[in-house]
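First the structure, in the form of structure tokens, and then the observations on it.
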Amino acid sequence: NAYAAGAVVIAPNGNVVPVAGQPARAPRVMGVGGFRLGQERGPVGSHSQGLTSDSRIKPDLLAPGYTKTATNSASGIATYSGTSGAAPYAAGAAGLLRDWMTLGLINNDAGHVYAHLLLSGPEVGPFATGASPGPSPQIGAGLIRLPTTGTSQWGKTWISKECEYVDIPLEVPAVGNTRIEVAIWWPAQTLDEDGVPKSAPSDLDLEIRRGGIFGGVESSSKSSAGVFERAR
């Protein structure tokens, strides 16, 4: 309901393996896992991870955890551990993205922010379910690092049984090297004829294709689970 009302919802994935906690495992929420910085740099292995009961990857992404912050202790500062320490960084990143994307407007789709958050992670698909090749479901799209340069475009489209493929053209400079990063996110479930959500999320695939007579697939993300794809 919060997502339907236009809210971007960020939640810690939890620290009890293997099930992501509520509300992080909800279909339209970004679940955040922890990432250690410094000498122990890497994903926090103890956070909740893996697939939800309807085959969605959780966490969706990672943010720094185990960092120092203000506290009410005598020292005035302490290390904030677990995914509860990581989720505020992801929420801050989401706030920065939404402010930049809306430029003061309030009608931007929360799904656009989700896609940009996923685009800010380094991992590309296909994303693993624990058995297939690809990034581990422990990390999702990986550690958030907001982009500082480049050009961004976003929007919405739809598919159906009658329209199974959608082409979205991108203008690329004729000279020089251009890196293209693409992410899609969708609201988990499709609806049946009565408007009731189906039990399993829809399965979409993503391809970056070269145009022209010599065109072909340059990169793709075709995961067997989850509600997002990411290609470079």
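The values are calculated or read from the model by the stated rules, or taken from the named source; none is laboratory data. Everything numeric here is computed off the predicted structure, so don't read it as measured data. Cβ: placed from backbone, ideal geometry, glycine included. Neighbour counts: every protein chain shown. Remember, those area values only see protein heavy atoms, side chains included, never the ligands or the DNA or RNA. Shrake-Rupley method; radii C 1.70, N 1.55, O 1.52, S 1.80 Å.
Among all positions in region 141-152, there is at least one residue which is at pLDDT 90 or above, among the hydrophobic types (A, V, I, L, M, F, W, C) and open to solvent by 40 Å² or more (accessible area, probe 1.4 Å). Among the residues of region 61-82, is there at least one that is in a loop (DSSP other than H, G, I, E, B) and either in contact with a Pro (Cβ under 6 Å, 6 or more places away or on another chain) or among the basic types (Lys, Arg) (or both)? Taking every residue of region 61-82 in turn, none turns out to be in a loop (DSSP other than H, G, I, E, B) and either in contact with a Pro (Cβ under 6 Å, 6 or more places away or on another chain) or among the basic types (Lys, Arg) (or both).
Taking the listed residues 114, 165, 89, the one that is in contact with a Pro (Cβ under 6 Å, 6 or more places away or on another chain) and modelled with pLDDT of 85 or more is 89, with no other qualifying.
With respect to (1) in contact with a Ser or Thr (Cβ under 6 Å, 6 or more places away or on another chain); (2) at pLDDT 85 or above, the lone exception for residue 61 is condition (1). Taken across region 56-70, residues that are of a type in the set (D, E, K, R) and more than 26 Å from residue 182 (Cβ to Cβ) do occur, with at least one present.
Consider region 4-30 and keep the residues that are more than 18 Å from residue 96 (Cα to Cα) and in contact with a Pro (Cβ under 8 Å, 6 or more places away or on another chain). The one that is surrounded by the fewest Cβ atoms within 10 Å (Cβ to Cβ) is 27.
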